[in-house]
Amino acid sequence: MKKIYITIIYFILGSGVIAADNNVIIVGGTGNSCLEDPGCINRLHPDIAMAARAQPGQTILFRTRDSGDWLGTVATQTTEPETSSNNFGAVHPMAGPVYIEGATAGDVLKITLLNIDPGKYAYTYGGGGFVPDLVEGQFLTIWRLNRDYAESDDIPGVRIPNSSFPGVISTMPGPNQLRLMLEREQELADAGGQVSLPSPEGASPAELCGPDGLAPNECLRTIPPREHGGNMDIRYLQAGVSIYLPCFVEGCGLAIGDLHYAQGDGEVSGTAIEMSANVWITTEVIKDGPDLSRGPHYEGSSDLLDIPSRRFYAVTGIPIKDPGEVPPDMQYLNSDVVAGLSNLSNDINLAARNAIDGIIDYIVSTYGYTRNQAYVITSVAVDLRISQLVDSPNVGVTALLPLDIFNN
């Protein structure tokens, strides 16, 4: 009976009813942007000041902003946006960080997602991402949201079911972790790899990470996930799921942002259905938790692992290519071997690329959308799944398209 009671309470909260319990800690949601919001950051560093404090078990409400910080918070959304902002320096605003009482470095923080209340509008970009060379130009989709589905005039005939989750859930790195992360990412950048190195432009908090801040070249960008969590973009982290993150600093420094209304496994165009949202969570401090040195853990109902559709169509991919072609993700290696081969051994990226190309072709030929529209659909609704990793040289990836999203 207790479980049912809690579920009802948070459904009411998520529907916009004001909570009577003043024990809820509220973080973020003021000002016109993250830079103006004392409860918002878009960089990671052990010296970032805590925005709030909470006891383990206490409910925390994170009032988050969209990944590009241009839609505004849930409370301020009144009209459908027509244009977007491409301020890469502002990515990703996170509400927080929150100091969890009693947590120390070496502990594990268990975060349980209670409810996610979407804003009214969202967006997806249909260019860039994992296979930018397979589509031409940029394509912006503006979505209208309710608690059941998203729809858009830019891709008529499609309704995407609500599967809201935070793309970013993070604790703060400690001084040692920060040093190691900066060193290894700089090494990769020096080798020509794709990395988002520290940049002070648009950074928040500005007094630490901005152009005139105390550590402008030490604040981590939020683009990749790391040991502390961060931009994991795992679509299964929905309400009811618990995530285990390491504490590297006293109080852990919990921050949440980059809310997605829906996303396919892979988020291949670089964006999901990007939205602002209100997120309710609770925490638990674990003194002898699991080893998270290679990445966070999470747990929840197996129902979240299913595709949201009664029927699907799937395309498979294996690591083959045209002779002379060098996949974009390998160009930085300057290899004379790759170009001459038409089959790469056990290359999961190339297999995924081929599966994506095939499912885009299928959407275009079957439903009449452009390749850019199909790329958006692939990013927000298609799940990429590893079929097998052992049948050398051709590992396999499957792209699963839920067919119930099409209503025309």
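Table: residues versus (1) modelled with pLDDT under 95; (2) charged (D, E, K, R).
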site: 7; (1), (2): yes, no
site: 10; (1), (2): yes, no
site: 14; (1), (2): yes, no
site: 19; (1), (2): yes, no
site: 27; (1), (2): no, no
site: 30; (1), (2): no, no
site: 33; (1), (2): no, no
site: 36; (1), (2): no, yes
site: 46; (1), (2): no, no
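Residue 97 falls short of the stated requirement of being touching a strand residue (DSSP E or B) at 6+ places or on another chain (Cβ under 7 Å) and over 21 Å from residue 205 (Cα atoms). Residues that are under 27 Å from residue 343 (Cα atoms) and among the hydroxyl-bearing types (Ser, Thr, Tyr) within the range 367-408 comprise 375, 378, 379, 387, 392, 398, listed in sequence order. Note on the range 365-399: residues that are over 23 Å from residue 127 (Cβ atoms) and of a type outside the set (Asp, Glu) total 12. Filtering the range 140-172 to residues that are under 18 Å from residue 364 (Cα atoms), of a type outside the set (S, T, N, Q) and touching a residue at least 24 places away in the same chain (Cβ under 8 Å) leaves 140, 154, 155, 156, 157, 158, 159, 160. Looking across the range 106-128, the residues that are under 21 Å from residue 383 (Cα atoms) and surrounded by 20 or more Cβ atoms within 10 Å (Cβ to Cβ) come down to 122, 123, 124, 125, 126.
I'd like to check something: does the range 93-108 contain any residue that is assigned to a strand (DSSP E or B), acidic (Asp, Glu) and assigned by TED's automatic domain parsing to the domain that holds residue 245? No, that holds for no residue. When restricted to residues that are more than 21 Å from residue 166 (Cβ to Cβ), aliphatic (A, V, I, L, M) and in contact with a Gly (Cβ under 7 Å, 6 or more places away or on another chain), the range 111-135 contains 1. Set side by side, the residues 364, 337, 326 differ, and just one is assigned to a loop (DSSP other than H, G, I, E, B), more than 26 Å from the chain's Cα centre (by Cα) and not aromatic (Phe, Trp, Tyr), which is 326.
Close contacts from the range 290-311, counting a first residue that is without any contact (Cβ under 8 Å) to a residue 60 or more places away in the chain and a second that is crowded, with 16+ Cβ neighbours inside 10 Å and part of a loop (DSSP other than H, G, I, E, B), with Cβ to Cβ under 8 Å and a gap of 6+ residues or different chains, come to 299/241.
Does the range 213-225 contain any residue that is free of Cβ contacts under 8 Å to residues at least 24 places away in the same chain and surrounded by fewer than 18 Cβ atoms within 10 Å (Cβ to Cβ)? The answer is yes, given that some residue of the range 213-225 is free of Cβ contacts under 8 Å to residues at least 24 places away in the same chain and surrounded by fewer than 18 Cβ atoms within 10 Å (Cβ to Cβ).
The values are calculated or read from the model by the stated rules, or taken from the named source; none is laboratory data. Remember, predicted model here, so these are calculated numbers, not experimental data. Glycine gets a Cβ as well: all are built from the backbone with ideal geometry, and neighbour counts include every protein chain shown.
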